[in-house]
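For reference, the structure discussed in these notes is given below.
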Amino acid sequence: MTKRSEALAQRLEQGAAALAAFATHLSEQEWQARVPHDGRKIGVTVHHVASMYPIEMQVAGLLAAGKPVQGVTPEVVAEINAKHAREFDEVTREQALDLLRKNSAAAAAGIRALSDTELDQAATISYNADAPLTCQFWLEDHPVRHSYHHLARMKAAVQMVRQAA
């Protein structure tokens, strides 16, 4: 573990903890509310964040090894997200939070295992128009940012539910 990998892992853990704390205190109506400009239920979105950590870490592993990431496009990701939303439309809070705890801990452990050399390794990423990006950039832009990104949108959805009540 390096200072950089530890800092990244801690930021991921903080985001996952913030997401879990938020989700824990939602009413059932809020859990079922749809996220604006997204359409997924809040509960589905919490589960989505949790379920993406392993995939995002697989991509990080490729980059850490200097291998290009191919076949992962915004269209492919959109289809994965749509399929997930259909399959987990009735996910329970317990299921989502359990997966969030498990997968965020595994992702943080994976980040901690990376050396500075691996964090600095760059390769092309099809998701980013084949731009050569570093492993650290990918980590910051995907698994570390993911919970924060969706949490902001979920808070807006809950605000709308509370204002309508």
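Restricting attention to region 58-82 and to residues that are crowded, with 22+ Cβ neighbours inside 10 Å and small (G, A, S), the residue that is nearest to the chain's Cα centre (by Cα) turns out to be A60. Figure legend. Inter-residue proximity from region 23-39: first residues among the charged types (D, E, K, R) and surrounded by 13 or more Cβ atoms within 10 Å (Cβ to Cβ), second residues modelled with pLDDT of 95 or more and not in a helix (DSSP H, G or I), beta-carbon distance below 6 Å, spacing 6+ or different chains. Indicated pairs: R34/K41. Test A7 against the criterion of being free of Cβ contacts under 8 Å to residues at least 60 places away in the same chain, over 15 Å from H146 (Cα atoms) and touching a His at 6+ places or on another chain (Cβ under 8 Å), and give yes or no. Judged against the criteria, A7 is not a match.
Set side by side, the residues R145, R153 differ, and just one is touching a His at 6+ places or on another chain (Cβ under 9 Å) and within 30 Å of S27 (Cα to Cα), which is R153.
If you go through region 22-43 and pick out every residue that is part of a helix (DSSP H, G or I) and under 15 Å from R153 (Cα atoms), you end up with 7.
Only one of the numbered conditions (1) under 25 Å from A164 (Cα atoms); (2) surrounded by 13 or more Cβ atoms within 10 Å (Cβ to Cβ) is violated by I55, and that is (1). Of the residues making up region 83-112, those that are over 22 Å from E140 (Cα atoms) and either more than 15 Å from the chain's Cα centre (by Cα) or acidic (D, E) (or both) are K83, R86, E87, F88, D89, E90, V91, T92, R93, E94, Q95, D98. Looking only at residues of region 113-138 that are closer than 12 Å to L62 by Cβ and either surrounded by fewer than 15 Cβ atoms within 10 Å (Cβ to Cβ) or not hydroxyl-bearing (S, T, Y) (or both), we find that the one that is nearest to the chain's Cα centre (by Cα) is W138. Counting only helices (runs of 4 or more DSSP H) that sit wholly inside region 51-165, those with at least 1 residues that are touching a residue at least 60 places away in the same chain (Cβ under 8 Å) and among the charged types (D, E, K, R) are 93-112, 116-120, 145-164.
The values are calculated or read from the model by the stated rules, or taken from the named source; none is laboratory data. As the structure is a prediction and not an experimental result, all values here were calculated from the model. Backbone-built Cβ (ideal geometry, glycine too); neighbour counts: all protein chains shown.
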